[in-house]
Amino acid sequence: MQPPDRIVRILSVEGAGILASDTYGRIHLLDEELGLVGSSPFVRQGRPLYGLAVADGWVVGKDRMGSVFRWALDTLDLVDRLDPAQICDRSRLRPREEPSPCSSRGIGVWRDRVFVTSGYHRQMLVLDLHTFEVLEIRPNICGDSPMEWACTEHPTRHAVSDKRGNLRFGSFDDGVFPDLVKLDDGNIHRVRYDARHDRFWCTQDFGEGDNADIANGVVTVSPSGEKEGELLFARDDVEFVAFSPDFCRAYAGGFDGELHIFDNSRRELRVERTVSGFPHQLSDLTVGPAGQVYVLCQDGTIVELDGGGTFVRDNGHRRQAVWDIQPSREDPHTLYCATDSGVTVARVRDGAAGPMLRAEAEHPTEWGFTRRVAPVASGWIGIGRDRTVFRTDRDGTARWHVRLPELAHTVAVSPDDGRALVATNEGAVELDTGDGRTLAEFGVDGLPVWATAYLPDGDRVLITRNGVIAVLDAADGSVRWRFDQGEYPKRAWVRDGRLYVVGDGGLKEIGIGVGVAARWSKLLSNTVENAVVSEGLVYASSYGMQLAVYEYGSTRFAGLLEELPDYPKALTVVRDADDAPYLLVGCRTGLLSLYRVDTGGTRPVLAKLRDHWLPRRPVRYRLRHTDRPAEGAAPHAGDAAARVPAGAGAAG
């Protein structure tokens with residue numbers, strides 16, 4: 001038996017097992033073989049619990065709205081909850097300020113005191129660990145950015161990080177952190193003290209300086225605050241770093257889906273092995289007292305490895321998510337849904353109480369979760385997490401599939417249906433939609449390309465991770481226009497001759513040859529994941545579990561939903577028999593939520609009509625290992641490809 005909801009944090013607790021928190025604010029205790037030992041009670045205000053710490057028989061947690069909790073470790077009983085709206089110093093609030101959603105992980109525990117930023121990010125709570133009395137409300141160490149991590153592992157030198165790439169050194173004894181070093185242009189999710197070499201390891205989300213939104217990895221910093229070294233191995237967020245009990249190995253990884261195992265026996269930063277093929281992006285890692293390595297994937301799968309990265313077991317997790325929704329070319333009421341298990345074909349039907357969605361067919365794939373789907377005549381082209389592009393007919397018949405050398409992000413189909421442009425970490429690849437053969441490869445300064453699109457005349461649009469837009473001629477591939485809009489993309493599409501780019505900084509409408517014509521981003525607290533423009537309204541979803549509505553013409557804010565059941569990923573507008581619009585939102589856990597759209601001004605713009613969950617499916621994956629011997633020896637890839645046994649709930 002396993003926890004029913006998706007796990008978002010794990011922490012090894014010596015003598016107890018593996019502590020895990022989930023998307024609904026509960027904590028669970030697993031034994032070292034990943035069996036469920038117990039769970040905390042249901043929390044009425046349950047939200048994703050990203051902050052998690054254990055000290056002296058207590059578990060302290062913080063959810064995404066700033067609620068702070070305390071449980072008893074031995075029973076998992078909930079003992080205290082501090083409300084994020086009421087626990088504050090009101091004299092320091094801005095006019096009409098409310099708690100802001102934020103997935104911050106930072107909880108510092110030192111000498112029976114708990115230090116945590118509240119729902120008001122410019123304030124820090126100081127709590128008594130054993131009574132949970134609020135001893136002090138002081139200005140946040142990190143200014144107006146939430147504290148992302150607090151490291152008290154050094155005997156005298158404490159370190160805290162924030163969501164703006166700053167690392168501060170000082171002491172929780174007096175609360176003064178005077179020494180600051182800039183390491184990243186985004187989050188520093190993890191700071192850990194390396195006792196073997198007397199230094200701190202820090203993760204990077206974006207990279208820093210000339211490498212920002214190009215390459216990132218881990219940085220080492222001395223206790224005096226001097227940057228010693230860095231190793232840039234990632235093209236996406238690095239979420240964690242941890243050490244083996246003897247500090248001879250370090251482990252780092254993140255959204256690229258690869259675990260890098262460092263040889264830390266010497267001071268030089270060197271990866272000795274990379275483990276890939278996990279079922280999803282990597283979001284957390286913890287090391288057991290005997291050196292067991294537990295890797296948490298973003299879908300909730302926990303994979304146990306030995307210290308060298310060899311597969312031991314997983315938690316038999318069943319997962320589902322809806323990443324993209326696109327209407328078919330032939331019928332807008334038929335929808336192609338990119339999911340964790342493959343592609344689901346759904347249809348919008350009318351009922352007495354309004355439209356509903358019915359899944360007509362599910363077509364599983366063997367290429368990891370389907371990240372994006374693009375409709376073509378009588379079917380779709382999809383991209384799988386396992387670097388695979390595939391074409392499938394409407395009835396599920398596979399036409400072709402092609403494995404790419406690098407991770408793919410998005411796919412677009414040309415107006416004539418003959419070409420597919422795939423964005424990858426090594427540039428863009430154009431494929432023939434008929435047979436999947438490569439027609440051309442394109443690059444922009446050697447940068448990762450994260451989004452692509454076609455203009456009505458067939459010109460290609462490439463958008464790099466660091467926000468450079470390049471328009472390439474349909475005939476010869478020459479650059480027709482280049483524009484640096486400075487923010488990373490998640491998706492791009494063309495509508496009425498305008499390019500729309502969604503990602504960091506909101507949704508932007510871009511005139512080709514001109515620049516940014518409009519932007520919609522107000523009140524969205526994190527990366528904008530997706531958006532839809534329809535009938536004078538703009539709908540945008542964010543990684544902050546938010547759904548916002550704006551007026552298209554004026555860009556004026558019109559409404560906001562924040563208490564969503566899960567993270568929204570896919571958006572599309574569907575219509576009933578009377579042509580009335582409804583917003584369909586696809587989320588993690590396979591949730592499809594249908595909202596009525598009202599523009600009369602007397603009711604909220606969006607009103608929930610119904611929810612539907614796609615069935616969860618067992619995880620299928622195969623781990624691969626690439627050894628990286630010390631300089632002078634040749635690397636050997638694939639020497640230890642590990643097929644996950646079917647008995648573990650995951651077969652390759």
Inset, instruction - Output yes when any residue across region 306-326 is touching a Phe, Trp or Tyr at 6+ places or on another chain (Cβ under 6 Å) and at pLDDT 95 or above, and no when none is. - result: yes
Legend entry - Subset of region 479-504 [of a type in the set (G, A, S) and closer than 26 Å to N211 by Cα]: G486, A492, G503
Inset, instruction - Please find, within region 176-198, the residue that is farthest from G51 (Cα to Cα) out of those that are of a type outside the set (V, I, T) and without any contact (Cβ under 8 Å) to a residue 40 or more places away in the chain. - result: D198
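The rows are residues; the columns are (1) under 21 Å from G300 (Cβ atoms); (2) within 28 Å of the chain's Cα centre (by Cα).
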site: E33; (1), (2): yes, yes
site: S40; (1), (2): yes, yes
site: G46; (1), (2): yes, yes
site: D56; (1), (2): no, no
site: V60; (1), (2): no, yes
site: R70; (1), (2): no, yes
site: L73; (1), (2): no, no
site: V79; (1), (2): no, no
Legend entry - R196, sole failed condition from (1) closer than 18 Å to V160 by Cβ; (2) in contact with a Cys (Cβ under 8 Å, 6 or more places away or on another chain): (1)
Inset, instruction - Determine whether region 572-583 contains at least one residue that is polar (S, T, N, Q) and either in contact with a helix residue (DSSP H, G or I) (Cβ under 8 Å, 6 or more places away or on another chain) or over 27 Å from D299 (Cβ atoms) (or both). - result: no
Legend entry - Failed criterion for D210 (all others in (1) under 23 Å from the mean Cα position of the chain (by Cα); (2) within 16 Å of G186 (Cα to Cα) hold): (1)
Inset, instruction - Confirm whether G257 is within 22 Å of the chain's Cα centre (by Cα), surrounded by fewer than 20 Cβ atoms within 10 Å (Cβ to Cβ) and assigned to a loop (DSSP other than H, G, I, E, B). - result: no
Legend entry - Members of region 448-457 found to be surrounded by fewer than 20 Cβ atoms within 10 Å (Cβ to Cβ) and touching a Lys or Arg at 6+ places or on another chain (Cβ under 8 Å), listed by number: none
Inset, instruction - Can you tell me which residue within region 148-200, out of those that are assigned to a loop (DSSP other than H, G, I, E, B) and touching a Pro at 6+ places or on another chain (Cβ under 7 Å), is surrounded by the fewest Cβ atoms within 10 Å (Cβ to Cβ)? - result: D198
Legend entry - One residue from E529, E535 being touching a residue at least 24 places away in the same chain (Cβ under 8 Å), surrounded by fewer than 20 Cβ atoms within 10 Å (Cβ to Cβ) and either farther than 26 Å from I325 by Cβ or not polar (S, T, N, Q) (or both): E535
Inset, instruction - Check off (1) closer than 22 Å to R372 by Cα; (2) at pLDDT 90 or above for A518 and give me the number that stays unchecked. - result: (1)
Inset, instruction - Just name the residue that is surrounded by the fewest Cβ atoms within 10 Å (Cβ to Cβ) out of those in region 578-624 that are assigned to a loop (DSSP other than H, G, I, E, B) and under 24 Å from the mean Cα position of the chain (by Cα). - result: P615
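May I ask you to verify whether L499 is buried (at least 17 other Cβ atoms within 10 Å of the Cβ), without any contact (Cβ under 8 Å) to a residue 60 or more places away in the chain and either under 24 Å from the mean Cα position of the chain (by Cα) or not in a strand (DSSP E or B) (or both)?
On the way: buried (at least 17 other Cβ atoms within 10 Å of the Cβ): yes; without any contact (Cβ under 8 Å) to a residue 60 or more places away in the chain: yes; either under 24 Å from the mean Cα position of the chain (by Cα) or not in a strand (DSSP E or B) (or both): no.
No: the conditions fail for L499.
Do we have any residue at all in region 95-109 that's touching a residue at least 12 places away in the same chain (Cβ under 8 Å), outside any loop (DSSP other than H, G, I, E, B) and under 24 Å from V59 (Cβ atoms)?
Just the residues of region 95-109 that are touching a residue at least 12 places away in the same chain (Cβ under 8 Å), to begin with: 97-109.
Those left that are additionally outside any loop (DSSP other than H, G, I, E, B): 108-109.
After this cut, where a residue has to be under 24 Å from V59 (Cβ atoms) as well, the list is 108-109.
For region 95-109, residues touching a residue at least 12 places away in the same chain (Cβ under 8 Å), outside any loop (DSSP other than H, G, I, E, B) and under 24 Å from V59 (Cβ atoms): present.
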Legend entry - Matching residues, region 26-64, being outside any loop (DSSP other than H, G, I, E, B) and of a type in the set (V, I, T): I27, V37, V54, V59, V60
Inset, instruction - Restricting attention to strands (runs of 3 or more DSSP E) lying wholly within region 269-356, give those where 3 or more residues are more than 21 Å from the chain's Cα centre (by Cα) and closer than 29 Å to T203 by Cα. - result: 271-276, 311-314
Inset, instruction - Would you mind stating whether L11 is crowded, with 22+ Cβ neighbours inside 10 Å, more than 24 Å from E562 (Cβ to Cβ), out of contact with any helix residue (DSSP H, G or I) (no Cβ under 8 Å at 6 or more places or on another chain) and not hydroxyl-bearing (S, T, Y)? - result: no
Inset, instruction - Sort through D445, D395 and tell me the only one that's surrounded by fewer than 16 Cβ atoms within 10 Å (Cβ to Cβ), farther than 18 Å from L472 by Cα and either free of Cβ contacts under 8 Å to residues at least 60 places away in the same chain or under 26 Å from the mean Cα position of the chain (by Cα) (or both). - result: D395
Legend entry - Given (1) within 16 Å of I512 (Cβ to Cβ); (2) in a strand (DSSP E or B); (3) in contact with an Asp or Glu (Cβ under 8 Å, 6 or more places away or on another chain); (4) small (G, A, S), index of the condition A470 fails: (3)
Inset, instruction - Taking the residues in region 82-128 that are in contact with a Leu (Cβ under 8 Å, 6 or more places away or on another chain) and of a type in the set (K, R) as candidates, determine which candidate is nearest to F240 (Cα to Cα). - result: R105
Legend entry - Members of region 554-577 found to be assigned to a loop (DSSP other than H, G, I, E, B) and in contact with a strand residue (DSSP E or B) (Cβ under 9 Å, 6 or more places away or on another chain), listed by number: T555, R556, E562, L564, P565, D566, Y567, D576, A577
Inset, instruction - Output the number of the condition that K569 fails; it satisfies all remaining conditions of (1) in contact with a Lys or Arg (Cβ under 8 Å, 6 or more places away or on another chain); (2) surrounded by fewer than 17 Cβ atoms within 10 Å (Cβ to Cβ). - result: (2)
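Given the residues D56, D74, which is the only one that is closer than 14 Å to V13 by Cα, touching a Leu at 6+ places or on another chain (Cβ under 7 Å), surrounded by fewer than 20 Cβ atoms within 10 Å (Cβ to Cβ) and among the charged types (D, E, K, R)?
Selected residue: D56, the only one of D56, D74 that is closer than 14 Å to V13 by Cα, touching a Leu at 6+ places or on another chain (Cβ under 7 Å), surrounded by fewer than 20 Cβ atoms within 10 Å (Cβ to Cβ) and among the charged types (D, E, K, R).
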Inset, instruction - Identify all residues within region 422-449 that are part of a strand (DSSP E or B) and over 12 Å from E406 (Cβ atoms); write none if there are none. - result: E430, L431, D432, T438, L439, A440, F442
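The values are calculated or read from the model by the stated rules, or taken from the named source; none is laboratory data. Predicted model, so just to flag it, every value in this text is computed and none were measured. Neighbour counts are summed over all protein chains in view; Cβ atoms, including those assigned to glycine, are modelled from backbone coordinates with ideal geometry.
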